[in-house]
Each structure stands twice: as structure tokens, then as C-alpha cells.
Amino acid sequence: MELLIIFISAALVNNFVLSYFLGICPFIGVSNKTSSAISMGMATTFVLVLTAIVSWLLYNLILVPYHLDFLQIPSFILVIAALVQFVEMVIKKVSQPLYRALGIFLPLITTNCAILGLALLAAMREYDFLESVIFGVGAGAGFTLALVIMAGIREELDLADVPKPFQGAPITLIVAGILALAFMGFAGMI
Amino acid sequence: MKKQVTLLKEFTKGLWEINPTFKQILGTCPTLAVTVSVINGIAMALATTFVLVFSSLIISLVRKLIPNQVRIAAYIVIIASFVTIVDLVMKAQFQDLSKALGPFIPLIVVNCIILGRAEAFASKNGPLRSVLDALGNGVGFFIALVIMGGIREVLGSRTFLGYQVLPNGFEPWLIMILPAGAFIVFGLLMGFSNMYVERKKNLEREALIAQYRRVGREEITDDVLKEAGV
Amino acid sequence: MKQVAHIIATLTLIGVIAGGSLSLVNNWAAPKIALNQKAETECAIYLVHLDGKRYEEIKNAGFEVYKVFNEADSSVGYSLVYSGNGFQGKIKLMIGLTEDLNKTTSIEVLEQSETPGLGTKILEPPYKDQYNGLVTTPSIKLVKGVEPSNPYEVQSITGATISSRAVVTIVNEGIAKLRAVENKGASK
């Protein structure tokens with residue numbers, strides 16, 4: 001039950017993009033086509049879950065027992081950077097089609113604040129191992145959902161007559177605002 | 001090599017010309033998340049500027065010692081160290097602010113403004129120029145956050161920096177302090193800033209055309225205009 | 001090979017310098033941060049028991065609870081920290097209770113992430129003050145739209161029923177947990 005609440009909270013009620021403002025850069029940058037939005041969402045979810053696992057182990061097995069929690073920020077960010085690099089290498093070796101689909105998005109993920117945000121939030125809320133993983137899955141699902149919805153809207157928006165100064169990022173942000181309002185409807189589910 | 005610009009220009013370009021928030025669209029996450037009130041925006045901007053200035057300084061000092069292959073990793077460690085310092089100091093001295101900003105202080109690490117300036121500027125320029133560039137970008141970020149925070153706080157809770165500025169009869173626009181308000185205000189601001197830039201450009205262009213007409217120059221092609229920089 | 005050595009040496013050096021300077025800053029900041037946190041809890045403990053002068057933590061309860069004593073060093077009741085799910089996230093409360101657990105003295109909200117302007121009204125006196133001397137037996141009940149007619153009833157905030165109910169639920173659950181702990185202690 002607790003796990004379900006964490007999942008729904010991360011995916012819908014406190015959606016990472018629309019209510020925590022984590023991962024806005026890719027949300028604006030990669031949301032112009034549905035196909036690339038799905039790929040980006042999948043790549044990010046994958047890294048989110050891995051980060052949840054690794055950062056939990058790092059924080060609870062090394063940083064806390066040795067009272068090194070002040071090194072939390074540098075160690076998390078290094079682990080994430082290494083992880084992304086590692087994932088990129090593995091995917092390249094294992095599956096060429098998958099690499100072609102996700103490859104170009106992976107380097108972007110290191111500076112996606114959703115990843116570091118997830119690691120920090122999980123540590124701050126003192127989640128146990130399973131909760132952290134579910135939190136990662138939920139956050140990834142929420143990120144993908146927001147990204148895909150946005151991409152769908154933007155494909156339609158291309159055909160609309162948007163005033164020139166508002167084309168691109170500005171109109172995307174305004175639409176995101178309306179989307180955030182819609183997502184508020186999920187509040188109260190937990 | 002690019003033209004050497006004056007030191008003053010190095011500072012002022014960050015304020016508007018390449019304003020990190022409105023022009024480069026970097027550091028959007030904190031811009032949206034913490035601007036519920038002006039004071040949060042100010043605290044966030046100061047913390048970011050501190051990290052930006054010091055990491056730019058250090059990176060520009062050690063830029064020749066760091067092997068090219070691992071420079072990003074090295075930059076990240078330097079940035080993360082300064083962020084940790086800010087985080088610890090804020091927790092120790094300004095507990096309320098640190099609580100209000102929550103995970104967004106640690107998240108300064110992945111604020112693209114900092115890594116962006118490190119990679120695009122500090123890794124190629126001397127310490128003095130790097131610091132000025134960082135300060136300029138920091139102040140540009142500060143301006144953006146104060147504008148955002150100001151609009152949202154005044155309309156959303158009738159106050160500015162905690163002082164009531166709108167009468168009680170004014171029903172606060174709740175949406176402004178909700179996440180949705182952040183997106184909409186930012187989108188509108190960016191759109192209007194684009195509009196202003198475009199209008200200014202058009203005016204300059206027309207003035208130039210008129211000037212050319214006066215001196216009797218007939219053929220005003222796009223190339224001529226481009227050369228004049230409008 | 002030489003290049004690899006150079007890379008490793010540079011990174012190690014940066015790591016050592018960064019780690020060293022951070023531990024210096026941490027040595028300065030850590031005690032202050034701990035002190036701040038303690039001061040905050042202490043402040044909340046006394047806020048819900050205005051006549052409190054001294055407190056003792058009750059260990060092994062499984063949650064944070066403090067027994068509070070007044071100037072004459074006789075017990076005035078408990079300050080209990082308890083949290084639960086609100087509208088959008090966790091709500092964490094400090095609940096002041098009388099010695100017999102039959103009344104709340106008052107409550108303080110320690111953490112919340114409710115909707116600004118609606119759910120955050122749980123922080124404001126009209127709602128919060130209802131808990132000053134509220135009867136907790138058999139349990140606190142939330143009423144909507146009408147004035148509370150019984151001493152154990154709390155009136156809901158218009159437009160924020162879920163937040164209002166969450167606070168009631170947290171207080172009830174916290175008291176139930178504390179009662180269970182007390183009973184176990186008594187039977188031992």
C-alpha cells in the first residue's frame with residue numbers, strides 16, 4: 001500500500017516535471033516529436049531506476065555509516081555521470097537498434113536535474129531500498145507521461161497560428177502550465 | 001581568434017544580451033520552482049551566483065592543468081564542492097531559507113548555467129574575464145528570478161518581499177503560486193521579451209533603410225542590411 | 001601510459017582537495033546544523049505546551065514522543081510528533097496532549113506541502129485553534145458546513161476537506177499509537 005502511494009505520488013500527484021519542476025530542459029527540448037519523446041522517456045526512466053538503486057546503496061552503505069554525508073552532492077553527481085557513461089557503453093555493445101534509438105539522448109541525461117533530484121529526494125525522505133526503486137519507477141513513468149503528452153500537443157500546435165514571438169519555448173511553457181493545472185486534478189488521490 | 005571585448009562588456013552582456021534565463025533558456029528548473037516569493041528567488045540567485053563566480057574562477061585558474069578528456073568530470077567536482085559549501089552554510093546560518101528552497105540548493109550542481117559558463121567561457125579565458133562573465137550571468141539570473149518572483153508574489157499573495165502592496169479587496173490569484181502559474185508567467189515573459197527584441201530590430205532596420213535612401217543609395221539588399229548588423 | 005597517469009593524478013588531486021576543504025566546512029557547519037534542528041524541535045515541543053519548562057524523550061516508542069514537565073517539575077502531558085499523507089504529500093505534526101491523553105492542548109504543523117491558499121489554511125488560526133483543548137475521546141470527528149456541536153468535533157476548511165481530514169486522521173492515529181505504547185508500558 002505504501003509502495004503504491006509512492007508510485008502514484010511520484011508519477012501523477014507530484015509529477016516530477018509538472019509540479020516539482022525537475023527535468024524541464026529535456027521537457028522543452030525533446031518534446032517536439034512523439035517518437036523521440038518516447039525514446040527520451042524510456043532512456044530517462046532506465047537511468048532513474050538505476051540511479052535509485054546505486055545512490056541508495058552508496059548513501060546507506062558508505063556515506064551514512066562513515067559519516068561522510070557531507071560528500072553527498074559530489075558523490076551522487078559523479079555516480080550518475082559514471083552510470084550514464086556505463087549504460088551508454090553497455091547498450092552500444094548489446095543492442096545496436098536500441099543504441100540508435102536512445103544513444104543521442106543519453107549524454108543529455110547527466111545534466112537532467114530529475115536524476116540528481118531523485119537521488120537527493122530519496123535520501124532526504126529516508127526511503128528504504130524497495131521504496132527508492134519504486135520511487136524511481138514512478139518518477140520515470142511520470143516524466144515519460146508528461147513528455148509524451150506534451151509532444152502530442154506540440155505536434156498539433158505546429159499547425160496552429162501562434163504569434164511569432166511566442167513560437168517555440170514560450171508557447172510550450174504556457175501549454176505546460178495548462179497541463180500542470182490538469183495534473184492538479186490527481187491531487188487528493190493519496 | 002575572436003575580437004577582444006572590453007572588460008565592462010564581459011560583465012554587461014550577461015544582463016540582457018545573453019541573459020541566461022530568457023535568452024539561453026538555461027537553469028529553467030530553479031527559475032520555475034523557487035519563485036513563489038521574491039525572497040526565495042533572491043536567495044536562490046545569490047547562491048547560484050556564488051557558485052558560478054567561484055567555480056569559474058577556479059576552473060579558469062586550473063584550465064591548463066586539466067587533461068582535456070576528463071575536464072567535464074573535473075568541472076563537476078569543483079562545482080559540486082562549492083554547492084556543498086553553500087548548502088552547509090545555508091543550513092547552518094539561514095535555516096528557514098534553506099528549508100524553503102529544499103532540494104533546489106543541491107540541484108545548483110546540475111544548473112546548466114554553471115557548467116555552460118565553465119565550458120563555454122571559463123575554460124578558454126583568464127581569471128579576471130571569467131569572474132566578470134560569471135558575475136554578469138549571475139546578475140542576469142538574479143534579475144530574471146526577481147521579475148518572476150515579483151510577479152508571482154504580488155499577484156499570488158498580494159505582497160512584495162513580505163510587505164502587502166495590493167489592497168485586501170484584491171482576491172489573490174492562487175494560480176500564480178501554483179506550479180501552473182510558474183510555467184505561464186515564464187512563457188509570457190519569454191514571449192514578450194522576444195516581441196520587444198523583434199520590434200527593436202525592425203525599428204533599427206527601418207531607420208537604416210531611411211538613412212540609405214537619404215544618401216541616395218538605391219539598392220538595399222538583404223546583404224547590405226546584414227552587413228550593417230540589423 | 002604517461003597520459004593516463006596524468007589524468008589519474010589530476011583527478012585524484014582535485015578529489016583530495018575538494019574532499020579536504022569540504023570536511024573543513026562540514027566540521028564548522030555540522031554542530032550548528034544539529035543545534036538548529038534541536039532548537040526547532042524544542043521550540044515546537046514548548047509551543048504545544050506553553051507551560052512546559054523541561055522535556056524528556058520517551059525511548060523505544062517507535063516514533064518521536066516527549067514527556068513535558070512544568071516549572072514545578074510535574075508532568076503536564078506529551079508532545080507527540082506524528083505524520084501522515086495529506087492532499088499532495090506528507091503532513092508532519094507536533095501534537096500536544098494532556099497527561100491522560102483525553103485532550104489536545106494544541107497542534108503545530110512541522111512540515112506540509114498542501115495547495116497554497118487552500119490546504120495551507122491548516123496552518124492558520126481558524127482551523128488550527130480548534131485543537132486548543134479539543135476532546136479526543138472516543139475520537140476526533142470532522143464536520144462539514146455546520147458549527148461543531150460536540151467538544152470532539154472539528155470544522156472542515158471549505159475547499160480543503162482532504163487536508164482538514166488528513167490532520168484529524170493523523171492526530172487520531174498518533175493518539176491511538178501513544179495509547180498502545182502506554183498500555184504496554186503499564187502492563188510490564
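Computed from the coordinates by the stated procedures, all read-outs in this text should not be read as laboratory data. Fair warning: this is a prediction, and the values are worked out from it, not measured in the lab. Backbone-built Cβ (ideal geometry, glycine too); neighbour counts: all protein chains shown.
Worth a mention:
- Across peptide C:7-18, the average count of Cβ atoms from other chains found within 10 Å of a residue's Cβ is 5.
- Of B:Val109, B:Val185, B:Val70, the one that fluctuates the most in a GNM where chain B has Cα springs shorter than 10 Å: B:Val70
- Residues B:Arg199, C:Arg165 arranged by fewest to most Cβ contacts within 10 Å: B:Arg199, C:Arg165
- The residue among A:Asn112, A:Phe86, A:Ser36 whose Cα reaches farthest toward the positive pole of the charge dipole of region A:1-126, with charges on the beta-carbon of Lys, Arg, Asp and Glu, is A:Ser36.
- Here, P(r) means the percent of Cα pairs in each 5 Å bin from 0 to the largest distance; for region B:7-176 it is 1, 9, 17, 19, 18, 14, 10, 5, 3, 2, 1, 0, 0.
- Charge-dipole axis of chain C as Lys and Arg at +1 and Asp and Glu at -1 on Cβ define it, positive-most pick from C:Tyr46, C:Ile58, C:Ser21: C:Ser21
- Per-residue mean of C-beta atoms belonging to partner chains within 10 Å, peptide A:9-21: 4
- Peptide B:17-30 has a mean of 3 when you count, residue by residue, the C-beta atoms of other protein chains within 10 Å of its C-beta.
- Above 21 Å, the calculated P(r) of region B:76-151 contains 37 percent of its Cα-Cα pairs.
- Among A:Ala141, A:Ala37, A:Ala123: highest mean-square fluctuation, GNM of chain A, C-alpha pairs under 10 Å: A:Ala123
- A convex hull fitted to the Cα coordinates of chain C yields 184 cubic angstrom per residue.
- For region B:1-64 versus region A:124-190, the gap between their alpha-carbon centres in whole angstrom: 27
- Highest-fluctuation residue, B:Arg214, B:Arg129, B:Arg152 considered, GNM on chain B with Cα pairs under 10 Å: B:Arg214
- Percent of alpha-carbon pairs separated by more than 20 Å within chain A: 56
- Backbone N atoms of region B:70-105 closer than 19 Å to the 7 Å Cα→Cβ label point of C:Ala34 belong to residues B:88-95.
- Folded to 0 to 90 degrees: helix C:161-187 orientation relative to chain C principal axis, Cα: 90
- Summary of packing: across the peptides C:145-151, A:177-183, the per-residue average of other C-beta atoms within 10 Å ranks them, highest first, as A:177-183, C:145-151.
- Å³ per residue enclosed by the Cα convex hull of region A:39-147: 92
- Helix axis angle, C:2-47 relative to chain C longest principal axis, alpha carbon, degrees: 20
- Cross-link pairs B:Lys13/B:Lys201; A:Lys92/B:Lys124; B:Lys99/C:Lys53; A:Lys33/A:Lys164 - those with Cα-Cα distance over 29 Å: A:Lys92/B:Lys124
- For C:Gln155, the amide hydrogen comes within under 5 Å of the amide hydrogens of C:Val143, counting only partners 5 or more places away or on other chains and with H modelled in the peptide plane.
- Qualifying GluC sites (Glu not before Pro) in region A:48-138, DSSP loop, other Cβ atoms within 10 Å at most 16: A:Glu126
- Size check on the protein assembly as shown: the Cα extents along the three principal axes, sorted descending, read 99, 66, 49 Å.
- Computed from label points 7 Å out along Cα-Cβ, the spacing between C:Glu71 and B:Trp173 is 5.3 nm.
- Selected from B:Leu88, B:Ala43, B:Val165, residue furthest toward positive end of dipole (chain B; charges at beta carbon): B:Leu88
- Candidate aspartates and glutamates - alpha carbon under 14 Å from C:Lys59, same-chain residues fewer than 8 apart omitted: C:Glu182
- Antiparallel %, DSSP beta bridges [both residues in chain C], to 5: 90
- For chain B, the membrane-span-like helices by this rule, meaning whole DSSP H stretches whose C-alpha atoms cover at least 27 Å of axis and whose Kyte-Doolittle mean is 0.5 or above, are B:38-62, B:71-93, B:127-157; this says nothing about an actual membrane.
- Kyte-Doolittle mean at least 0.5 and Cα axial length at least 18 Å: DSSP H helices in chain A: A:34-57, A:72-94, A:129-157, A:169-183
- Remark: region A:7-186 carries a charge dipole of roughly 380 debye about the Cα centre, counting +1 on each Lys and Arg Cβ and -1 on each Asp and Glu Cβ.
- Ranked C:His6, A:His67, C:His49, criterion: other C-beta atoms within 10 Å, fewest first: A:His67, C:His6, C:His49
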